[in-house]
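Scroll down for the structure; my scribbles are underneath it.
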């Protein structure tokens, strides 16, 4: 297995790491997370194209090859410079000698090493060997990342392209209602459900269609959507039509407590049952509605299928999955506002 690093979003370290594991479950034949620091994961994987990680991801900012890990101190500077020059000299192809170094410090940790000064020192020493620091024309992009008293030197392979998430923001879609999750968080939910290219996906509380859009963009071959709210049933398909080809999705008026889907027909479910200020539970209440939904979800999920859903942390939504016979793999807590902390429940059937 080859060794990689991943730089994770600082918004939710736990969600970022769990998304990385979920993507590796789908895209790699075998993997092992070697270590995790604030904002940085080191892992080994058998994967044909590591750029698939950032192309799928929502909260993984960058993936690359680690060249060295060091204790962040003045004494390591010479080692970092030496390792950088050694790598540059071994990597020159066709006379390309332009390179760039991105520097980032994560967290409230104190670092005795001046990273900007270190980059200048590398540029100076590399210049003596004919190399040039140039962001615009760089043939190689290196990374220095400092966190928790440690520092990593690496070479960047791929980065997250966040512009498309902005272009799919709820306010830019044909149909809008207040309350939907952002495209980034919707993508993370779908990734956590381990949706494979060509797999079948369902969102029983589809709303404006955000989760279904992300499932479509990840290559689902069949997408089942539904909602009890007729405004969503009329408007949601307008959004899906914008981003998804016809023939792979449908949007129905249904009660999520009685899903009209065939048994063993769905590989992945990702959904966000109503519980917030701008949602309604049809008089059932979050616990009753979600319990009923999970009991019917296990009937339509295929063996070893995944389900991801959310709920208020204070209500312990993970217990509902256990009661339905699902195996809870992870519970991820996210602060939303003063009166709500969200728990994202990742569970597996069978």
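The values are calculated or read from the model by the stated rules, or taken from the named source; none is laboratory data. Keep in mind that what you see is a predicted model, and the values were worked out from it rather than measured. Positions of Cβ are backbone-derived with ideal geometry, glycine not excepted, and every protein chain shown enters the neighbour counts.
Some points to look at:
- All positions within the range 296-335 that are exposed (fewer than 14 other Cβ atoms within 10 Å of the Cβ), touching a residue at least 24 places away in the same chain (Cβ under 8 Å) and not in a loop (DSSP other than H, G, I, E, B): 303, 304, 314, 323, 333
- Count of the range 336-350 residues, restricted to those that are part of a loop (DSSP other than H, G, I, E, B) and either crowded, with 18+ Cβ neighbours inside 10 Å or in contact with a strand residue (DSSP E or B) (Cβ under 6 Å, 6 or more places away or on another chain) (or both), is 2.
- Residue count for the range 30-42 satisfying the condition of being over 19 Å from residue 188 (Cβ atoms) and modelled with pLDDT of 95 or more: 4.
- A single entry from 284, 315 fulfils the requirement of being more than 25 Å from residue 215 (Cα to Cα), over 23 Å from the mean Cα position of the chain (by Cα) and modelled with pLDDT under 95: 284.
- Within the range 222-260, tally of residues that are within 12 Å of residue 212 (Cβ to Cβ), touching a helix residue (DSSP H, G or I) at 6+ places or on another chain (Cβ under 9 Å) and not in a strand (DSSP E or B): 7
- Exactly one residue out of 52, 15 is under 27 Å from residue 109 (Cα atoms) and modelled with pLDDT of 95 or more, and it is 15.
- The residues listed here are 194, 172, 242; of these, the one that is touching a residue at least 12 places away in the same chain (Cβ under 8 Å) and either more than 21 Å from the chain's Cα centre (by Cα) or within 27 Å of residue 337 (Cβ to Cβ) (or both) is 242.
- Within the range 1-68, strands (runs of 3 or more DSSP E) holding 1 or more residues that are buried (at least 21 other Cβ atoms within 10 Å of the Cβ): 2-8, 40-46
- Positions within the range 263-278 being over 25 Å from the mean Cα position of the chain (by Cα) and modelled with pLDDT under 90, in sequence order: 277, 278
- Options 245, 260; residue that is surrounded by fewer than 18 Cβ atoms within 10 Å (Cβ to Cβ) and within 27 Å of residue 322 (Cβ to Cβ): 260
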